[in-house]
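Novice: Sharing a structure here in structure tokens format.
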Amino acid sequence: MTPAQAPSPGAASVSARGWGWRHAGRKAFAARHLDLDLRAGERVLLLGASGAGKSTVLHGLAGLLGSQDEGEQEGALLLDGIRPADARGRAGLVLQDPETQVVLARVGDEVAFAAENLAVPREEIWQRVHRALDDVGLDLPLDHPTTALSGGQKQRLALAAVLAMEPGLLLLDEPTANLDPDGVLEVRDAVVRVLDRTGATLVVVEHRVAVWADVVDRVIVLDAAGGVLADGAPGAVLGQEGTRARLAEAGVWVPGRPPAVGGPVPGGGGEVLLSARDLTVARTKRGPAAVEHLALDVRAGQALSVTGPNGAGKSTAALTLGGLLRPRAGRLEASPELAGAAGTDPFRWRSAQLVQRIGTVFQEPEHQFLTPSVGEELAFGPRRVGGTADPRRTGEIAERLRLTHLLGANPFTLSGGEKRRLSVATMLATAPRILVLDEPTFGQDALTWAELVTLLRELIEDGVAVVSVTHDADFIAALGGATLHVAGGAGRLVSP
Amino acid sequence: MSGDHLTPVLTGRTLLRANPVSKLFAAVVITLALLASIDWVSAAVVLGCELALMPLLGISVVGLARRIWPLLVAALLGAYGTALLAEKTGGVLLDVGPFLFTEGSVAAGIAVGLRGLALALPGIFILLTTDPTDLADALAQKLHLPHRFVLGALASLRLVGLLVEQWEMLGLARHARGIGSDGSLVARTRNLLGQSFGLIVQAIRRATRLATAMEARGFGGGTRTWARTSTFTALDVGVAGVGLVIAAGATTAAVLAGTWNFILS
């Protein structure tokens, strides 16, 4: 709990009266029946199940939902008593993905951009830029390239970029979901520092309650059916057993209430499927090496978690193990058991050979969707391999990943959790011995998380080797097995 | 992986300080002079001047050749093709089967090859010595192009670099799904089309997200200030002047040499 603070004169207040928004082309309202008052200077954590409309509320407050062709509005949503779209610069929004928010090439210009858009006089822009960078603790030259920042630094830059507008309302949409644990704290602490100085009102959306519970003074839970499920001080809302249970049911990470996962933590592994010796991995042919001199074995029926800070080369290592990137140096060898009729070098396998042996699930499920329906996605791999797909087997997989009711749906229209399940299912369809997953728990709510862990445990039990890139300590603990810590270009293996 | 395949490594300190508008002016004047006449003298003079200015780029000849070799190949092909097909005037130089080269056709070929190179180099000078952000500032502040258009183009330029990265990622992701770049020509072509479509989908999503981020920072209003001032200095007078001198020199030399061949006459 934070001490009650006198609201600064610049802080914005919010009121919603029966507010709702339906995106054009959708039948259901994304948010509805919302009645809410936020005092100036309040710090609010906004919770709710996936699809409860949390992001829609933030976008509404940021003034990004406006014109008639974008959708239909009912009721009223007001910022300081006026429509958010008419209050340009009063609300500053930071989005989830650090990669997709950077507009310009240099740090100073990036921060100046918003102030320029609000027609702030030039001398004042640079004062604001320096203050904003100070506030978020980014001690970098103004001409530092924005591409050379870590994930946490990029999010702090995004925060500084909206601070340059001197907003009265700070809106954060899962700002730490894609960050490593250090990055999470980095960003959270920067936000607290900023609020302490500016006294701005805060609304933050986040699945992981523990990160924000101590720094907000109000928690509001949206009901997926519309309206508000719970509203009050963090202790009151999160301490009430009924609310806690309902939150957990809605997929919110409630502190002290880990999601229920099926099956035991998998034990030691079986035979070696893939072995790396003195392996150096690199993303591109000529670019720098990401991790050098790796030595490890991927074993049947065992998890291997690759962990380390953002940008340490975890994904590069995993994609190389997955036979997708050419090793820069050293040896990566498939055992005869895994290789079968193919050669021992996974990078040289043809696509159809690869999918029968190693399945790689990318961080963005959409990168791997190839057909217009879920059913066809599942049949695609088997058809590539054998010409036909056994409907019984694809049916089983659909059943197991709860996709049966979606077989006719277009993959791009699925929810985040469903997309993740489908991307795993498509890989399982060709029954690979090794499954590689890149950040499978990024931005997932607790329900999807538990589902995924349960499924992976079953797969490991069945003898599949599961290699995951992750910074999720709970996930690593839940899967057991070996852990590869990657940092500073080197890897350190901790075996079970 | 670098997200900056298309963000050039900038070189050439002096030209880097010049305003992009003056560099554009010089390039346009030289281009107009080259386009006005198809003859080898004006092209050779321009190319000679450009090569003489090379030290300003602060890049070695080898380094430059590595970056622009496709242009060199194109110029050579253009020259060869013209020499082969142009009107056969003057004495015969080579006559083997269908290959007939005469003095006239070879001169035309050389003119086309030199001209191609001479036309391309000003663009290379600008690309190597101009920061895209400075260019956007100059276009909006000095040439008063609409800021929405200029900044939109600047942001999309950055996205183009990211698309190269996305293309590679999509290739890997599809290989992992069982469609790689193997199989028959038909299969490969289909794969390429599929991957291109995937890239378009990703590009649209990416652009939409970036547009949201820009809008959330107040982009799109009527008036706007500029954090950086785009200024003209004595250097810019020099850059524009050199452009004019090269254009005038090339034209004069061609007229004096009697090779001037105005395209509209």
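Novice: With respect to the numbered conditions (1) more than 10 Å from chain A (Cβ to nearest Cβ); (2) crowded, with 17+ Cβ neighbours inside 10 Å; (3) at positive phi, which one is the sole condition not fulfilled by B:G178?
Specialist: (1)
Novice: Within the stretch A:227-256, can you find the residues that are free of Cβ contacts under 8 Å to residues at least 60 places away in the same chain and within 28 Å of A:V306 (Cβ to Cβ)?
Specialist: Passing the criteria: only A:P255.
Novice: To continue, here is another question. Could you check A:F29 against (1) loosely packed, with under 14 Cβ neighbours inside 10 Å; (2) over 23 Å from A:L202 (Cβ atoms); (3) away from chain B (no Cβ under 14 Å) and say which number it fails?
Specialist: The single condition A:F29 does not satisfy is (1).
Novice: Report, ordered by the first and then the second residue, all pairs with beta carbons closer than 6 Å, sequence separation of six or more or different chains, a first member in the stretch B:239-264 that is touching a residue at least 60 places away in the same chain (Cβ under 8 Å) and crowded, with 18+ Cβ neighbours inside 10 Å, and a second member that is of a type outside the set (S, T, Y) and not in a helix (DSSP H, G or I).
Specialist: Note: pairs meeting the criteria are B:V239/B:A18; B:A254/B:D39; B:A254/B:W260; B:T259/B:D39.
Novice: Could you tell me whether the stretch B:208-222 includes any residue that is under 28 Å from A:V355 (Cα atoms) and at pLDDT below 90?
Specialist: No, there is no match, as no residue in the stretch B:208-222 is under 28 Å from A:V355 (Cα atoms) and at pLDDT below 90.
Novice: Hey, another quick one. Which fully enclosed strands (runs of 3 or more DSSP E) of the stretch A:1-111 have 2 or more residues being more than 23 Å from B:M214 (Cα to Cα) and in contact with a Lys or Arg (Cβ under 7 Å, 6 or more places away or on another chain)?
Specialist: Hits in the stretch A:1-111: A:43-48, A:71-79.
Novice: Same structure, new question: Only one of (1) in contact with a Gly (Cβ under 9 Å, 6 or more places away or on another chain); (2) without any contact (Cβ under 8 Å) to a residue 40 or more places away in the chain; (3) over 25 Å from A:F442 (Cα atoms) fails for A:S373. Which number is that?
Specialist: Failed condition: (3).
Novice: If you go through the stretch B:212-265, how many residues are over 30 Å from A:F113 (Cα atoms) and not in a helix (DSSP H, G or I)?
Specialist: Looking only at that region, the number is 8.
Novice: For the stretch A:93-112, how many residues meet the condition of being facing another protein chain (nearest Cβ under 7 Å) and surrounded by 24 or more Cβ atoms within 10 Å (Cβ to Cβ)?
Specialist: The total comes to 3.
Novice: Identify the single condition in (1) more than 27 Å from A:L118 (Cβ to Cβ); (2) at the interface with another protein chain (Cβ under 9 Å from one of its Cβ atoms); (3) touching a residue at least 40 places away in the same chain (Cβ under 8 Å); (4) among the aliphatic types (A, V, I, L, M) that B:L151 does not satisfy, given that it satisfies every other one.
Specialist: The failed condition is (1).
Novice: Which is surrounded by 24 or more Cβ atoms within 10 Å (Cβ to Cβ) and more than 14 Å from chain B (Cβ to nearest Cβ), of A:L169, A:L163, A:L222?
Specialist: From the options A:L169, A:L163, A:L222, the qualifying one is A:L222.
Novice: Could you check B:A140 against (1) more than 8 Å from every other protein chain (Cβ to nearest Cβ); (2) surrounded by fewer than 17 Cβ atoms within 10 Å (Cβ to Cβ); (3) not charged (D, E, K, R) and say which number it fails?
Specialist: (2)
Novice: Looking at B:S184 and the list (1) surrounded by 14 or more Cβ atoms within 10 Å (Cβ to Cβ); (2) more than 7 Å from chain A (Cβ to nearest Cβ); (3) not hydrophobic (A, V, I, L, M, F, W, C), which single condition is not satisfied?
Specialist: (1) is the only condition that B:S184 fails.
Novice: Related question: I'm trying to understand the selection: among the residues of the stretch A:475-496, which are farther than 24 Å from A:T316 by Cβ and surrounded by fewer than 21 Cβ atoms within 10 Å (Cβ to Cβ)?
Specialist: Passing the criteria: A:A477, A:G480, A:P496.
Novice: Name, by its number, the condition in (1) more than 14 Å from every other protein chain (Cβ to nearest Cβ); (2) over 28 Å from the mean Cα position of the chain (by Cα); (3) of a type outside the set (D, E) that does not hold for A:W349.
Specialist: All conditions are met except number (1).
Novice: For B:A203, indicate whether it is under 27 Å from B:P132 (Cβ atoms), facing chain A (nearest Cβ under 7 Å) and not hydroxyl-bearing (S, T, Y).
Specialist: No: the conditions fail for B:A203.
Novice: Separate question: Quick check on my filter: what residues within the stretch A:104-124 are among the β-branched types (V, I, T) and within 13 Å of A:A160 (Cβ to Cβ)?
Specialist: Those that are among the β-branched types (V, I, T) and within 13 Å of A:A160 (Cβ to Cβ): A:V107, A:V111.
Novice: Would you be able to say whether some residue in the stretch A:414-432 is over 22 Å from A:A317 (Cα atoms), touching a helix residue (DSSP H, G or I) at 6+ places or on another chain (Cβ under 6 Å) and modelled with pLDDT under 90?
Specialist: Yes, the stretch A:414-432 has at least one match.
Novice: Restricting attention to the stretch A:368-391, which residues are of a type in the set (A, V, I, L, M), facing chain B (nearest Cβ under 10 Å) and part of a loop (DSSP other than H, G, I, E, B)?
Specialist: If the condition is that a residue be of a type in the set (A, V, I, L, M), facing chain B (nearest Cβ under 10 Å) and part of a loop (DSSP other than H, G, I, E, B), then A:L370 is the only one that fits.
Novice: A further question on this structure: As an exercise: evaluate A:E377 against (1) surrounded by fewer than 19 Cβ atoms within 10 Å (Cβ to Cβ); (2) closer than 20 Å to A:R420 by Cα; (3) of a type in the set (D, E) and give the number of the one condition it does not meet.
Specialist: It is condition (1) that A:E377 fails.
Novice: Considering each residue of the stretch A:114-144, count those that are within 8 Å of chain B (Cβ to nearest Cβ) and within 26 Å of the chain's Cα centre (by Cα), and give that number.
Specialist: Residues flagged as within 8 Å of chain B (Cβ to nearest Cβ) and within 26 Å of the chain's Cα centre (by Cα) within the stretch A:114-144 amount to 1.
Novice: Would you mind stating whether A:L142 is of a type outside the set (K, R) and at pLDDT below 90?
Specialist: no
Novice: Does any residue of the stretch A:278-296 turn out to be small (G, A, S), in contact (Cβ under 8 Å) with a residue 40 or more places away in the chain, outside the structural domain of A:G152 (by TED's automatic domain parsing) and touching a Leu at 6+ places or on another chain (Cβ under 9 Å)?
Specialist: yes
Novice: Being surrounded by 23 or more Cβ atoms within 10 Å (Cβ to Cβ) and farther than 20 Å from A:E418 by Cβ is the filter here, so list the residues in the stretch A:446-465 that pass it.
Specialist: A:I460, A:A465 - these are the residues of the stretch A:446-465 that are surrounded by 23 or more Cβ atoms within 10 Å (Cβ to Cβ) and farther than 20 Å from A:E418 by Cβ.
Novice: Here's a follow-up. Is it true that some residue in the stretch B:65-75 is away from chain A (no Cβ under 14 Å), under 16 Å from the mean Cα position of the chain (by Cα) and modelled with pLDDT under 80?
Specialist: The answer is yes, given that some residue of the stretch B:65-75 is away from chain A (no Cβ under 14 Å), under 16 Å from the mean Cα position of the chain (by Cα) and modelled with pLDDT under 80.
Novice: Among what's in the stretch B:219-236 and is among the aliphatic types (A, V, I, L, M) and surrounded by 12 or more Cβ atoms within 10 Å (Cβ to Cβ), pick the residue that is farthest from the other protein chains (Cβ to nearest Cβ).
Specialist: In this case the residue turns out to be B:L235.
Novice: Looking for whichever is in contact with a Leu (Cβ under 7 Å, 6 or more places away or on another chain), hydrophobic (A, V, I, L, M, F, W, C), in the same structural domain as A:E206 (by TED's automatic domain parsing) and more than 24 Å from B:H147 (Cα to Cα) here; the options are A:L93, A:L138. Which one fits?
Specialist: Answer to the selection: A:L138.
Novice: Quick one: in the stretch A:121-148, which of the residues that are in contact (Cβ under 8 Å) with a residue 40 or more places away in the chain and in contact with a helix residue (DSSP H, G or I) (Cβ under 8 Å, 6 or more places away or on another chain) is surrounded by the fewest Cβ atoms within 10 Å (Cβ to Cβ)?
Specialist: A:P145
The values are calculated or read from the model by the stated rules, or taken from the named source; none is laboratory data. Here the structure is a predicted model, which is why all the values come from computation and not from measurement. Quick reminder, even Gly has a Cβ in these numbers, built from the backbone with ideal geometry, and neighbours come from all protein chains shown.
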